[in-house]
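A short write-up of the structure that comes next.
The values are calculated or read from the model by the stated rules, or taken from the named source; none is laboratory data. What you see is a predicted model; the values in this text were computed from it and never measured. Positions of Cβ are generated from backbone atoms using ideal geometry, with glycine treated the same way; all protein chains shown enter the neighbour counts.
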């Protein structure tokens, strides 16, 4: 009789899943929030771009400012690359630089 009870409990544990445990605690699985943050970032970039294009400036001023910002971003990327490689910019493989 005790042997049958132990077997019954063991079979019950095999069918017990993570979702069952979460349900006992009043929780549930959720999806990752990363896609939401990616969409937010894309939206921010698009909004900033549209805002700059609609700003009351001449085309020459806008191109000059955009060029300066792109150079600044390129410099930051180079800095990050140097820091990631221990200060040696040339240690980045050729295909990663392209």
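The C-beta contact set for the range 62-82 (first residue more than 20 Å from residue 50 (Cα to Cα), second residue in a helix (DSSP H, G or I), distance under 6 angstrom, 6+ apart or interchain) comprises 82/89. Within the range 52-67, the set of residues being in a helix (DSSP H, G or I) and surrounded by 10 or more Cβ atoms within 10 Å (Cβ to Cβ) comprises 52, 53, 61, 62, 63, 64, 65, 66, 67.
Filtering the range 21-35 to residues that are in a helix (DSSP H, G or I) and exposed (fewer than 10 other Cβ atoms within 10 Å of the Cβ) leaves 24, 34, 35.
Inspect the range 43-51 for any residue being at pLDDT below 85 and either surrounded by fewer than 10 Cβ atoms within 10 Å (Cβ to Cβ) or more than 22 Å from the chain's Cα centre (by Cα) (or both) and give the result as yes or no. Looking for residues that are at pLDDT below 85 and either surrounded by fewer than 10 Cβ atoms within 10 Å (Cβ to Cβ) or more than 22 Å from the chain's Cα centre (by Cα) (or both), one finds at least one in the range 43-51, hence yes.
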